[in-house]
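See structure below.
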Amino acid sequence: MKTRRNIGGWFEIYVEDIQRAMDFYQYVFDDVNFIDLSKGGSQMQMFEWEDHYPGAGGALVKMEFNKPSPNGTVIYFNCDDCAVQEARAREKGVEIVASKTQLPHFGFSALLRDSENNTIGLYSLK
């Protein structure tokens with residue numbers, strides 16, 4: 001019998017300025033910490049995570065051959081109330097692509113550009 005699992009396992013958000021991106025994510029999600037996994041010519045700051053919690057792990061990454069883009073894949077970050085993180089992002093002066101909107105039967109979401117101009121999503125049940 002096949003074990004059921006969520007397919008997502010890891011994500012990378014490409015950045016131009018790793019410190020600026022870390023500052024942005026730490027401000028918007030005030031309980032975020034990073035683990036430095038930099039090596040060679042690339043910089044990588046992994047979002048701290050714990051094995052027994054659901055969700056995929058990921059990192060902010062600065063590499064020569066991968067660049068940030070507002071038109072790439074959208075990663076949605078879980079929030080208690082995405083309006084809170086949307087307001088914090090607005091305080092940082094980033095573009096809000098779509099303010100908090102109800103998703104019928106699924107909760108709420110918002111879309112914004114991060115400090116590196118990537119589009120990211122916010123998701124909450126309330």
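Assorted remarks:
- Loop sites here are chymotrypsin sites (Phe, Trp or Tyr not before Pro) outside DSSP states H, G, I, E and B with no more than 11 other Cβ atoms within 10 Å. The longest part of the chain free of them is 1-64.
- Cα Rg, Dmax (largest Cα-Cα span) when computed across the chain, Å: 14.9, 50
- The chain: most fluctuating residue of MET63, MET44, MET22 per GNM, C-alpha cutoff 10 Å: MET63
- Neighbourhood charge, 11 Å Cβ-Cβ cut-off, centred on ILE18 and excluding it, Lys, Arg +1 and Asp, Glu -1: -3
- Of the beta bridges in the chain, as assigned by DSSP with both residues counted there, near 70 percent are antiparallel.
- Applying the criteria of a DSSP loop state and at most 14 other Cβ atoms within 10 Å to the GluC sites (Glu not before Pro) of the range 55-120 yields GLU64, GLU95.
- Neighbourhood charge, 10 Å Cβ-Cβ cut-off, centred on GLN45 and excluding it, Lys, Arg +1 and Asp, Glu -1: -1
- Extreme residue, positive dipole direction of the chain, given options PHE11, PHE65, PHE106 (C-beta unit charges): PHE106
- Computed over the range 10-124: relative contact order in percent, which uses C-alpha pairs under 8 Å that are six or more apart: 27
Every number in this text was worked out from the coordinates using simple rules, so none of it is lab data. Note that the structure is predicted; figures quoted are calculated from it, not measured. Please note: Cβ atoms are built from the backbone with ideal geometry, for glycine as well, and neighbour counts cover all protein chains shown.
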